Every structure is written in structure tokens, then in C-alpha cells.
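Student: My questions all concern the structure below.
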Amino acid sequence: MFEKKQFNKITIVTIALAACLLVLSIIFSIRAFRSTLYIVYVEDKIYDEYIKPAPLPQKDLGLIFVKESEKSQVKEKAFGPIIKTAGRIQMQEEIALLPQAYGENQKFFLLEEESLLPSVKADFTSAKSGAANSPELGISISNSDGLPLGNRAIPVDGAYAGDESYKLLVKKGVLCTVFEEGLSKDIFEYCEKLFIASENSPEKKTPSELVTIASVGDIMVARGVEEILIEKNDGLEAVFEDTLPILKGADFTIGNLEGVVTESWKNATKTYTFKFKKAVLPKLLEAGFDYLMQTNNHCYDYGESGFKDTLAAFAEYKIPSSGIGKNKEEAKKFYHKTIKGLPISVISCGAFPVERSGFNGEKTATATETRAGILWKSDELLEQIKAEKKAGYFVIVNVHGGEEYHFSPSKKQREFYEALCDNGADIVFGSHPHVLQPTEWHGKSLIVFSMGNFIFNGMENMPGGTDSEVVKVGVLGGRIAYVEQYPAKIKNNGVRLKK
């Protein structure tokens, strides 16, 4: 009886062990034939912006893309597929100055580029603030949006933001790393569809192109200058000398043509009257000028008839201008142009005082409903500037105002120029004093109160009358980044940079 019980126990144990072995064998058999689930972990920002809005057929690839923040939720189950990490997609930044090296299992996909700007406090009182300067102290580094108030950017090894050779370029993108060699092709192709080819991908951001705007003071080409420009083969070089590369090199160059284009001999009763031959206009275009201002105190030197002749000559040679017209409505129109994606709006106006001869520009030369003339400063103009800025333009205002031969702006002059900036003007270029006046920041806007004379012979006996400058401004992302002043000197029939 005892032996029988022992036998039964042994039998039961044997059967149990056999059952266990069978179960284990089945389990191992099942696990041996489990599928493999490959997971690519994706940085949350990338997942939300690219994968979630427009998912591609991941299951067809045998891949699942999982947010990094949900990594802890991924757990392998006993009878589920085997989980393997196939790759990782993360944000990555590169600086052109320090190129990054990647392995064969990695690819970088560019999403955005941004220029970093070294900048210094803008000292507009120094002898020169042009590209030749390379300050050694107090340099800040920022993007164009974060440029500190009162600072101007400086070039890096002679290159400006937007140049191909510019080294302080930050490349922001996605780094795709593959850990399973056999999946490299599929994962990289998937990334290309997400970050390059997909129409649903967010638009790539590229650095704003640098737009350069140059301006000079009064241009008076009588007294023998126009003959040189018109008649001599090297007339441009003889008159403008080494300022030519700056004038031609800027994307948009402004000048104030101090006089009228007419054949009339009926000059007004004034201390000085200036007129030019229309054949000089294409020479000024050839010198690099893209816009000529006429809202000055010499616009009516030959009356309304001479002014209309000037309008006709400008139209014949397609000279861009604004603040002038056959009537008030025409004179109120801004000049618009888009340069490298930057929409600019330019207006010129008069604000000069009554001359000693009694010539009153506001009463005599201002355009009306029935009279051709110029735009005069007004509250309405301020409102128009505000509207232009609201419409998305980079606004440039040229003002002929201030006191002649005063080296500092008058109170009225300062108040008006600052009001222009407060209402949306990005740059105010001033003329009329015939001498240099300060250049200053007003918030993010720039005021050049007076650039003096530029081409104006016969000024040798006037204190400061032969001192000149070319002001060049670099606009990046709709904001002034670079400001460079190139001091110049009038000599004989031309102008040249100070060495």
C-alpha cells in the first residue's frame, strides 16, 4: 500500500514537471517567433511640429515613432513583440565657424539659419565708423532681433551677415541617428520626407538678406560739374572719385539734387538759383543713385514752370523720387520698392525756414490741388508714415530742414525728426544746413540730421562747407543692424573720401 502511494506521488510529480516543461517549451517556442518592433525616439518639439500634424505610414516601415517624454511608457510584454531602439531624432545647432562632423549613421537636416551679430556701442562722433574699424572692447553677440539699443553691428573678417563667407551663421535643424544599420535607408528616407520634401512641413526659415541703403548730402552739379559728367569719358571718376564703389555698391542710394532741370532763363528772385541740363540725370543714375530728392529750397528756382520741367525730365529718365508732383495728391505719394524681400517706402518733404531773400517754400513751392510743387511737413504726413509702417514697410524719410551753417540741430528740427521716428520712420536723412550735423539713434530708428554738401563746388570759404560724408545703413530682418559713416571732402569739382 505504501509503495502504491509513493508511486502515485512520483507519477504526479513527473506529470507536473512534464507539463511545466511543455508549457515552458511552448512559451519559448512562441517567444522564439515573436516579431520585432523598432522604435525611433523623437524629441517632443519635433514630434509635435512634424510627425503629429502629418504622420506618414510608419507601420509599413516596421517602425514606431515615440516622443521622448513618453519613453517610460514603452514596456516590453511577455508575448508581445521584441522592442528595439532603432534611432533617435533630436534638435541640433551648428555654427559655420565650427563645422560639426557626423558619423555614417547620422544625417543633419537643415530647418533654419540665423546670423549672429557682433555689435558695439555706436560712436557717431568718431572720425570714422566705416567697415575699416574693428573695435576691440565691449562687443556683444546677438541676433538681429536682440541687437542692443544704441549698438551697431560690425563685420566679421570683412564679411557681413548674409554674405556667403559670413562665419557667425547658426544652422538649426534635426539630427537623425540610426542604431540599426539595416534600417538606415528607411529611416533616412522617412526623415527626408518629413524635413525636406513634405508639403506639410513647416516652412524653412533662412536668414534675412542684408539690404544696404546709402545716402549723401546736397548735390549741386552746376559751376562746371555737369560739363565734366556729360562731356568727359572719365567724368564719373573725376567727380565722384573713390566714393563711387560705395554709391554703386549699396542696394539703394539716395541723393538730394539741389536745383532744377530746365532750359528756362526765368529765374526766381533769390540769392542763389541753380539749374542743370537733363543730360546729367543718366550720369547720376550711372554713379549709383537710385532715388533723387527734390523737396529742397531750390526746387522753385525757376518757378512752377522750371519745377514742371524737372518733373518731366525725371519721368523721361525714370528717376525715382517722391514728395513731388503736379498737385497735392501726387506729392503725397510714397515711393515703394522691394529689395531682397524688404519692402521699403520712401518719402521726401520740405521743412526749411524762410530764406533771407524772402523765399518762403511753404507758401510758394508747396503742392496744392491746382499747383505743382513739393510736400511740406505736417501732422497729416506723420499719420501717413504711421500707416506705411503699419502696412509693413521699412520707412525712409528725407527732410530738407534745419538752419544753414549750424552744426547742431535746432529745437524745431529735432522735435520734427523725432516725431517722424515716433510715428514709424526707420531712418530720417536730413539735408539743407550745408554742414555736417550729428547722427543719433532714436530708439531703434536712426536720425542723420545733416550730411552736409556732397557735390557743391565753390564752398571753400564757408566753415565746414567742404566736409561731407556717405552714410551707409545695413538692414537685417527689417531692423537697422549696420551703420557706417564714410567721411569725405569736397575739392574743386568733385568729392573724395578722407584718408
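Derivation of every value follows stated rules applied to the coordinates shown; laboratory data play no part. Model, not experiment: these values are computed from the prediction. All Cβ positions, glycine included, derive from the backbone under ideal geometry; neighbour counts span all protein chains shown.
Student: Treat every Asp and Glu Cβ in the chain as -1 and every Lys and Arg Cβ as +1, leave all other atoms uncharged, and give the resulting dipole magnitude about the Cα centre to the nearest 20 debye. Could you put the intermediate results ahead of the total?
Tutor: Numbers: 60 positive and 66 negative charges, 300 e Å.
For the chain, the charge dipole is close to 1440 debye.
Student: Using only the Cα atoms of the range 227-307, what semi-axes does the equivalent ellipsoid have when each is the square root of 5 times a gyration tensor eigenvalue? Give whole Å, largest first.
Tutor: Numbers: eigenvalues 130, 43, 19 Å².
Calculated on Cα positions only, the semi-axes equal 25, 15, 10 Å.
Student: So for the range 211-497: antiparallel DSSP bridges make up what percent, rounded to the nearest 5? It would help to have the intermediate numbers written out before the result.
Tutor: Working: 32 of 62 bridges.
Here the share of antiparallel DSSP bridges comes out near 50 percent.
Student: Between Leu98 and Lys71, what is 0.36 nm times their sequence separation minus the Cα-Cα distance? Round to one decimal in nm. Walk me through the numbers before you get to the answer.
Tutor: Values: separation 27, 0.36 × 27 = 9.72 nm, distance 3.23 nm.
Taking Leu98 through Lys71 to full extension adds about 6.5 nm, to one decimal.
Student: If packing is taken as the mean number of other Cβ atoms within 10 Å per residue, what is the order of 327-336, 238-247, 294-303, highest first?
Tutor: On the way: 327-336: 16.4, 238-247: 18.8, 294-303: 25.2.
Highest to lowest by the protection proxy: 294-303, 238-247, 327-336.
Student: Net charge near Lys67: determine it from the other residues with C-beta under 10 Å of the C-beta of Lys67, scoring Lys and Arg +1 and Asp and Glu -1.
Tutor: On the way: positive: Lys45, Lys52, Lys71; negative: Glu43, Asp44, Asp48, Glu68, Glu70.
So the surrounding residues net to -2.
Student: Can you compute the FRET efficiency between Lys45 and Glu181 using 1/(1 + (r/R0)^6), with r the Cβ-Cβ distance and R0 = 35 Å? Round to the nearest 0.05. Provide the component values of the computation, followed by the final result.
Tutor: Values: r = 27 Å, r/R0 = 0.78.
E between Lys45 and Glu181, to the nearest 0.05, is 0.80.
Student: Further question: With each label point set 7 Å from Cα along the Cα-Cβ vector, what nm distance links Lys489 and Arg223?
Tutor: Inter-label distance under the simple model: 1.7 nm.
Student: Would you mind getting the Kirkwood hydrodynamic radius of the range 370-496 from its Cα pairs, rounded to one decimal in Å? Show your work: numbers first, answer last.
Tutor: Values: mean 1/r = 0.0643 Å⁻¹.
Computed over the range 370-496, the radius equals 15.5 Å.
Student: May I ask for the angle, rounded to the nearest 10°, between helix 303-316 and the longest principal axis of the chain, with both axes built from Cα atoms and the value confined to 0 to 90°?
Tutor: 40
Student: Order 226-234, 317-325 from most to least packed using the mean count of other Cβ atoms within 10 Å. Intermediate results must be reported in sequence, preceding the final value.
Tutor: Values: 226-234: 15.0, 317-325: 20.1.
Per-residue mean Cβ counts within 10 Å order the peptides as 317-325, 226-234.
Student: Ratio of alpha-carbon Rg to the 2.2 N^0.38 Å globular estimate for the range 211-497, to two decimals, please.
Tutor: Working it through for the range 211-497, the quotient is 0.91.
Student: Between (1) 0.97; (2) 1.30; (3) 1.09, which matches Rg/Rh (Cα atoms, Kirkwood Rh) calculated for the structure shown?
Tutor: (2)
Student: For the range 205-244 and the range 392-431, what is the centre-to-centre distance using only Cα atoms, to the nearest Å?
Tutor: 23
Student: Relative to the Cα centre, what is the charge dipole magnitude of the range 211-497, using +1 at the beta carbon of each Lys and Arg, -1 at the beta carbon of each Asp and Glu, and rounding to the nearest 20 debye?
Tutor: Values: 33 positive and 37 negative charges, 86 e Å.
Approximately 420 debye in magnitude.
Student: So what is the 222 nm mean residue ellipticity for the chain from helices alone, if each DSSP H run of at least 4 adds -39500 (n - 2.57) and you divide by all residues, rounding to the nearest 500 deg cm²/dmol? Mind dumping the intermediate values first?
Tutor: Details: 11 runs with 111 residues, N = 499.
Result for the chain: -6500 deg cm²/dmol, rounded to the nearest 500.
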